[in-house]
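Enquirer: I'd like to ask some things about the structure below.
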Amino acid sequence: MSQAESHPQDGPATAEGWKLLRKVLREQRTGLLQGVVIGLMWSAGKVSIPQLFKLGVDRGIEQSGSLLFWAGAITCAGIIAGFFAGWRRWIGFRESRWTESSLRERLFTHLQGLHIGYHDMTQTGQLMSRASSDLGQIQGFVVMIPITISNVAMVVAVMVILLSSQPMLAIIALAPLPFINLAARRFSHDIHPAVLAIQAEQAELANVVEESVSGIRVVKGFGAEATQMRKLEKEANDIRHVSLGAAKIRSKFLPGIDLLPSIGLIAVLGIGGHRVINGQMSVGDLVAFNTYLTMLIWPLRNIGMTVAFGQRAAAALMRVNEVLSTEPAIADPPKPVALPSRASSAFTGAVTFSNVSFGYNNGQEVLSNLDLVIQPGESVAIVGATGSGKSTLARLLLRFYDTTSGDITLDGIDIRQLRLSELRRAVAVVFEDTLLFNDTVAANIAFSDPNALQDRIESAARLAGAHEFILELPEGYNTVLGERGYSLSGGQRQRIAIARAIVADPRVLVLDDATSAVDPAKENEIREAMTTVMRGRTTLVIAHRPATIALASKVALLDEGRIVAFGEHAHLLATNAKYGEVLAAQEKNIAEQTNQLVGE
Ligand SMILES: Nc1ncnc2c1ncn2[C@@H]1O[C@H](COP(=O)(O)OP(=O)(O)O)[C@@H](O)[C@H]1O
Ligand SMILES: [Mg+2]
């Protein structure tokens, strides 16, 4: 990966990023102001200590006063400074975590609202790295805000004290300080691209890990562990390489930044010591001066660090903003039309595709001038070769994508005129592979309606033919499924998905290859479940096996982007050669898949 790719361009994009940060921080004005006020108290406490020390040395020692009194005063000032330091830090973290979670919520809501086409183009790994690493950078910057402001106040106060008490000495002692700042800035300028490169490499590594873990069955199934391992090694090496680059920059700058302040101290001892001997300066003055000088070093470095943090935060904000400013290509219409209610006579569940053309981002047309009418309550099987666009039909009906041209209607209403939430409640799809969430069986079934009562969940499971096996699970309906939970077989997952669709109680049901993950022996049971669900409901069945196709009253043959034949299964089989061919090819496919399943 070249660094140029990930190097942020300072310009309008960064300005947009800062604008976003200002917007978020504005909501936290009060909290941040609190942090600054408390930080200033800390500065006051810190700055007073050398003054008290000086008074202690000059009056307590030389003029035989009460040393104990000054020691007590210094202790009090120290405790106050410590107290405010803790408080300042706490507020800094409280506010920065708030910024982080507020941005995280915005990002998550926005990502969920974006159209599927966006998710097609963007890798999950990148999005994850955006979400966690970028928000971490921003948090790291916000936490510095109260600390840095009080540091600046302290630096100014100390400089004023030094310059007004010992102008000559101060000028000499402070002379190296601008160089510290210069070096710190050069440092942060040089380290910035290196840090970005590390981030980018880490994102790539995360991507490889994610791919290998979520695809572990494929990886193992093809004995490709070594290939994935090599990929991982390469990414890990890349990280090491860019990290070493960053370490080189650090080791070039940091020793100088450490050494420069000591030069000032030497000057103080040389010149200041003479002044004390000549009686132009008290010992207390010298000690206080020296203490003040050392007090400047950490805040100055800290301010330099904040600059570096700020640059990283700017880059992170830019990327976050890039996501946030992506408009969803598919959104609710300004004036949505409502679907006819269930009580009304217009409620039918009729679906029409008229003259529909569509292609994905690569521009290749998948559907061209397709026409299909599904009568209310009718069930239609869509049959076509793999890749002919069957699933695409379902995606278009849900408005995951918009057609390039042509219209799709539901109950006579163009689906683009419907609110997305209403459309997607009205159309339920059982996809080829069922995603189970890391939650209980009951919650997985009631996904469309988390308030569904146990009765409804159970009767849906019964209809889907899932009730029996659910009762046999370790904790029945309360068994936790998903990645870190109990694993179900393909057929069981599919029945959960069907139960999920029954709870949703849609006007239109799409069964997309609902039996593909199931071996033929089990398919019978699911077929029964499907018959129950389909009764009286407009249904599109995307299927390969004749027995499943037979569940539907009509068959539509999809070929070269359009419906080339429509009718009853037996009729098509007798009259359409293409139909016979497609079915035969799929039988062969299924046989091979079954062999694989058995082999597994
Ligand atoms: N998200 C996508 N981006 C680009 N092309 C896609 C996408 N999904 C599917 N395709 C392509 O569209 C065509 C139809 O796919 P699909 O509708 O899934 O076929 P089927 O379900 O009939 O097997 C295929 O050529 C496929 O490669
Ligand atoms: Mg498909």
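Please treat every number below as a calculation from the coordinates, not as lab data. Computed from a predicted structure; not experimentally measured. We place every Cβ from the backbone using ideal geometry, glycine too, and count neighbours over all the protein chains shown.
Enquirer: I need the helices of the chain that pass two filters: whole DSSP H segments spanning 27 Å or more by Cα along the axis, and mean Kyte-Doolittle score no lower than -1.0.
Expert: Membrane-span-like by this rule: 29-55, 67-113, 144-165, 177-214, 225-267, 283-324, 577-599.
Enquirer: Report ³J(HN,Hα) in whole Hz for each residue of region 564-571, in order, from the Karplus equation J = 6.51 cos²θ - 1.76 cosθ + 1.60 where θ = phi - 60°; Gly and Pro get x.
Expert: Taking θ as phi minus 60°, the curve returns 9, 8, 9, x, 7, 3, 5, 5 Hz for region 564-571.
Enquirer: Also, I was wondering about something else. What length, rounded to one decimal in nm, is gained on full extension from Val37 through to Glu468, with 0.36 nm per residue of separation minus their alpha-carbon distance?
Expert: Between Val37 and Glu468, full extension yields an extra 148.7 nm.
Enquirer: May I ask which residue of Ala331, Ala170, Gln494 lies farthest towards the positive end of the charge dipole of the chain, with charges of +1 (Lys, Arg) and -1 (Asp, Glu) on Cβ and the Cα centre as origin?
Expert: Ala170
Enquirer: Considering only the chain, what is the antiparallel percent among its DSSP beta bridges, to the nearest 5?
Expert: The answer is about 50 percent antiparallel.
Enquirer: Now, a different point. What order do you get for Asp285, Asp414 when you list them from fewest to most C-beta neighbours inside 10 Å?
Expert: Ordered from fewest to most neighbouring Cβ atoms within 10 Å, Asp285, Asp414 come out as Asp414, Asp285.
Enquirer: Then there's this: Only Cα pairs under 8 Å and at least 6 apart count here; give the relative contact order of the chain as a rounded whole percent.
Expert: Normalised by residue count, the contact order of the chain is 14 percent.
Enquirer: Please give me the summed charge of the neighbours of Val36: other residues whose Cβ is under 11 Å from its Cβ, Lys and Arg +1, Asp and Glu -1.
Expert: Result for the neighbourhood of Val36: +1.
Enquirer: Taking a cut-off of 28 Å between Cα atoms, list the lysines near Lys234, but don't count ones fewer than 8 places away on the same chain.
Expert: Those lysines meeting the cut-off are Lys220, Lys248, Lys252.
Enquirer: Please give me, ordered by residue number, the trypsin sites (Lys or Arg not before Pro) of region 419-505 that lie in loop per DSSP and have at most 15 other Cβ atoms within 10 Å.
Expert: When the trypsin sites (Lys or Arg not before Pro) of region 419-505 are filtered for loop state and at most 15 Cβ neighbours within 10 Å, Arg419, Arg484 remain.
Enquirer: Taking the simple approach of a point 7 Å from Cα along Cα-to-Cβ for both Asp332 and Phe222, what is their distance in nm?
Expert: The answer from the label model is 4.3 nm.
Enquirer: Please report how far the C-alpha centroid of region 228-252 lies from that of region 31-98, rounded to the nearest whole angstrom.
Expert: Comparing the Cα centres of region 228-252 and region 31-98, I get a distance of 43 Å.
Enquirer: Taking the Cα centre of each part, how many Å lie between region 443-501 and region 323-343?
Expert: Here the answer is 30 Å between Cα centres.
Enquirer: Would you please give the FRET efficiency between Ile263 and Arg26, computed as 1/(1 + (r/R0)^6) with r the Cβ-Cβ distance and R0 = 41 Å, to the nearest 0.05?
Expert: Efficiency at R0 = 41 Å is approximately 0.45.
Enquirer: Report the gain in length on full extension from His119 to Arg240: 0.36 nm times residue separation, minus Cα-Cα distance, nm rounded to one decimal.
Expert: 40.5 nm
Enquirer: Given labels modelled 7 Å from the Cα in the Cβ direction, how far is it in nm from Ser251 to Val160?
Expert: Spacing of the two 7 Å Cα→Cβ label points: 4.4 nm.
Enquirer: A follow-up question, please. Provide the FRET efficiency to the nearest 0.05 for the Thr532-Leu324 pair, computing r from the beta carbons and using R0 = 41 Å.
Expert: My answer for the efficiency is 0.35.
Enquirer: If you take every residue apart from Ala183 with its C-beta less than 14 Å away from the C-beta of Ala183, what net charge results, scoring Lys and Arg +1 and Asp and Glu -1?
Expert: The answer is +3.
Enquirer: Antiparallel as a % of all DSSP beta bridges within region 351-585, to the nearest 5?
Expert: So the antiparallel bridges amount to about 50 percent of the total.
Enquirer: A further question on this structure: Pop a pseudo-label 7 angstrom from the Cα along the beta-carbon direction at both Ser282 and Glu422 and give the gap in nm to one decimal.
Expert: Reported label-point gap for Ser282 and Glu422 is 8.3 nm.
Enquirer: Let me ask another. I need Val582, Val37, Val555, Val156 ordered by Cβ neighbour count within 10 Å, fewest first.
Expert: Val156, Val37, Val582, Val555
Enquirer: On to the next question. Could you tell me the convex hull volume per residue, in Å³, taken over the Cα atoms of region 351-585?
Expert: Measuring per residue, one finds 125 Å³ for the Cα hull of region 351-585.
Enquirer: What value, in deg cm²/dmol to 500, does the helix sum -39500 (n - 2.57) over DSSP H runs of n ≥ 4 give at 222 nm once divided by the residues of the chain?
Expert: Taking each H run of at least 4 residues, the total per residue is -21000 deg cm²/dmol.
Enquirer: Then there's this: By how many nm would the segment from Leu67 to Arg185 grow when fully extended, if each residue of separation counts as 0.36 nm and the alpha-carbon distance is taken off?
Expert: 38.1 nm
Enquirer: Residues with beta-carbon under 15 Å from that of Ala77, excluding Ala77: net charge, scoring Lys, Arg +1 and Asp, Glu -1?
Expert: +2
Enquirer: Something else: Test of understanding: ordering Phe179, Phe469, Phe222 by Cβ neighbours within 10 Å, fewest first, what list do you get?
Expert: So the residues, fewest neighbours to most, are Phe222, Phe179, Phe469.
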